[in-house]
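What follows is calculated from the coordinates using simple rules that are stated; it is not laboratory data. Quick caveat: nothing in here was measured; it's all calculated off a predicted structure. Note that we place each Cβ from the backbone using ideal geometry, even for glycine, and neighbour counts take in every protein chain shown.
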DNA sequence: TCGGTAAATTGCGATACTGCGATATAGTCG
DNA sequence: CGACTATATCGCAGTATCGCAATTTACCGA
């Protein structure tokens, strides 16, 4: 269960929580609710450099917690609710 | 929420899971069900050195996930079910 | 094709974690 | 007290993580 490692960083945990409400981010070309939130907006709210934001999302993605959809030059991230739901289910077993 | 950091290590996560069934450990002076499991038994099952086992339990203890009761020369560790239950409750908020 | 933007990747110093042996502390029993 | 056991702490080397600037890759519009 390497998921906890991805959740261990407070900023990554916060990002995952922010993505529950994609509409709270600034407007963007694609609808945040369906396709996800643009990296730039995540970076801005997390107040980290572009490379750090990209790496944070890569870790969350490798853990399966988010998915990435690239449209044009933008990467949109959204929660993988299926994986998170199964994580919640297996939480009792592991913890 | 530094708890996830404590759960990030696979062995620590396993130990916490093992402590759900304290009776599965070898017999000891004190009843495992009520007071907890002796460090020696945890160390043996985790197959790590004494110092590593002690440090693992210190991390879990600092995170509030387990409590330690010292009786004589033995340290008995048991799950802090209250904290774990509230963790489970706040899991939905954070994740 | 060129200049600009978005994002991923690379390389780096700093810091933290890992696991262990060695040592220190604390308790037990004669 | 002295030998022994159990546990905690210290110090260390190896490894991983952190966060960034710089670079590279990818896409767009003119």
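For the pair residue B:52 and residue B:29, label points projected 7 Å from Cα toward Cβ lie 2.7 nm apart. Between copies, the label points of residue B:24, set 7 Å from Cα on the Cα→Cβ line, lie 3.9 nm apart, reported in increasing order to one decimal in nanometres. The stretch B:26-73 and the stretch A:75-95 have Cα centres separated by 30 Å. In chain A, Cα pairs under 8 Å separated by at least six residues give a relative contact order of 27 percent. Computed from the C-beta positions of residue A:44 and residue B:94, the FRET efficiency with R₀ = 22 Å rounds to 0.55.
Taking one quarter of the surface of the C-alpha convex hull of the protein assembly as shown gives a mean projected area of 11.8 nm². Each 5 Å bin, from zero up to the one with the longest distance, holds this percent of the alpha carbon pairs of chain A: 3, 14, 26, 26, 18, 8, 5, 1, 0. A helix-only calculation puts the protein assembly as shown at -15500 deg cm²/dmol for mean residue ellipticity at 222 nm, using -39500 (n - 2.57) for each DSSP H run of at least four residues, averaged over all residues.
Averaged over A:5-14, how many beta carbons belonging to a partner chain fall within 10 Å of each residue's beta carbon?
That average works out to 4.
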